[in-house]
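Structure first, then comments.
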Amino acid sequence: MKKKVEKALENVIIIDNRNIVESGWVKKIDFINNEIIIYLSLSNPAMHIKNKLIRNISHSIKNKNILYPVRIKIEIKSDPKIKPVIKNIIAIASGKGGVGKSTIATNIAVTLVQMGFHVGLLDADIYGPSIPLMFHINEESVNLQHKNGIMIPITSYGVKIISIGFFSHHGEAIVWRGPMVTKVLRQFLHETNWGELDFLIVDLPPGTGDIHLSLLEEITIKGIVMVSTSQKIALSDVHRSIGMFRIRSIYAPILGIIENMSYVFSKKTKDKSYFFGKNGVIDFSKKMNLFFLGEIPMLQEIREYSDLGIPVVLKNKDVQNIFRNISKNIINQLSQ
Ligand code: ADP
């Protein structure tokens, strides 16, 4: 019977076309009181990876006409190659491109460093990896120094950074199919020496796609931060993104939403003009039951420093305060 169960488990395939027996995930198979107990040991703690595995094992055992009840016990082991201790993984997402997602990811990361945290930033925006530019990193000169196959991130302004842009030349499109994207992302997450981090900020591509699904399947995300302008078109796409994160099988909690480019302030008239519309994001957040994390004005300095590769929070006190409040709100939401 044990052999039969083993054969069934050999049909459960995980990454790289290997099955769970040859990958060494199966530690022991027991029969107690007419019940099969399977002990597994794996390093990936993502909840729904475990659930999927349990489903696949049960299915495979039934397919072999083994009719005993099955109990699966999973122990989480740490990877001996690297011991990343990442306390909080937070993804920054938007519906549309160009709403300031990367600018916000950059300045939240630097703000958290200023607050005394250890911070990493993973730029997964395959359509426009702009983090290297925003951190003044010359992609051409990047050497990720593979040490026993483990990548070492580049540190800029105190933030440890890995970008999908490091794998392409400046001005070159990244044209990868889904499986390639998933492979690279997996390397970023599991084969990178992040060291101990309080926060890993992930800059996602806009919309809903392969990267989002892979990420949600690979790791346990503590929370998603949505970014939008108050424009109707931007909010309609955010609505779709939120729908994706709320699908039960890939669920990730949304910590809240940030309104970017809320208003333009005229120093002359002291008036605020609401270029993308007024209160759009606040109203939307109420409707969608989302926490409103804060608003950032449209400011020429934000664009200018961004282009110079200097995070604006290091230069402008008002903007620094805005990002401090937003970061504190994010931390509060995490503890809810
Ligand atoms: P996304 O990541 O959503 O595509 P980016 O962060 O790349 O957007 O921002 C798009 C452009 O808008 C960049 O040139 C950036 O400097 C500028 N930008 C972002 N937020 C602001 C802001 N609050 N005020 C002025 N310019 C901004």
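Just so it is clear, none of the values below were taken in a lab; they were calculated from the coordinates. What you are looking at is a predicted structure, and each value in this text was computed from that prediction instead of being measured. Virtual Cβ from ideal backbone geometry, glycine too; neighbours counted across all protein chains shown.
One table, with the values for the structure above:
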read-out	value
Residues of segment 188-207 with amide N under 16 Å of the 7 Å Cα→Cβ point at Leu334	195-203
Karplus 3J(HN,Hα) series, Hz, for segment 31-38 with 6.51 cos²θ - 1.76 cosθ + 1.60 (x for Gly, Pro)	10, 10, 6, 6, 10, 9, 10, 10
Efficiency of FRET between Phe275 and Glu196 - r from beta-carbon atoms, R0 35 angstrom, step 0.05	0.25
Hydrodynamic radius of segment 2-76 per Kirkwood, over alpha carbon pairs, in Å	12.4
Cross-link partners of Lys317 among aspartates and glutamates (Cα-Cα below 18 Å; sequence separation of 8 or more within a chain)	Glu295, Glu301, Glu304
Amide H partners (placed H, <5 Å) of Lys160, local residues excluded	Val119, Gly120, Leu121
Spin-label model distance (nm) - Asn11 vs Tyr68, 7 Å beyond Cα toward Cβ	1.8
23 Å Cα-Cα threshold exceeded, pairs from Lys2/Lys73; Lys101/Lys222; Lys3/Lys183	Lys3/Lys183
Using θ = phi - 60° and Karplus 6.51 cos²θ - 1.76 cosθ + 1.60, couplings along segment 113-118 (whole Hz; Gly, Pro as x)	5, 4, 7, x, 8, 8
For Tyr263, distant residues with modelled amide H under 5 Å away	Met298
Potential extension, His136-Arg18 segment - 0.36 nm per residue separation minus Cα distance	38.4 nm
Partner aspartates and glutamates for Lys7 [C-alpha distance under 16 Å; skip if fewer than 8 residues away on the same chain]	Glu22, Asp30
Highest to lowest packing among 101-111, 150-160, scored as the average C-beta count within 10 Å	101-111, 150-160
Two-decimal Rg to Rh for segment 85-335 - Kirkwood Rh, Cα set	0.95
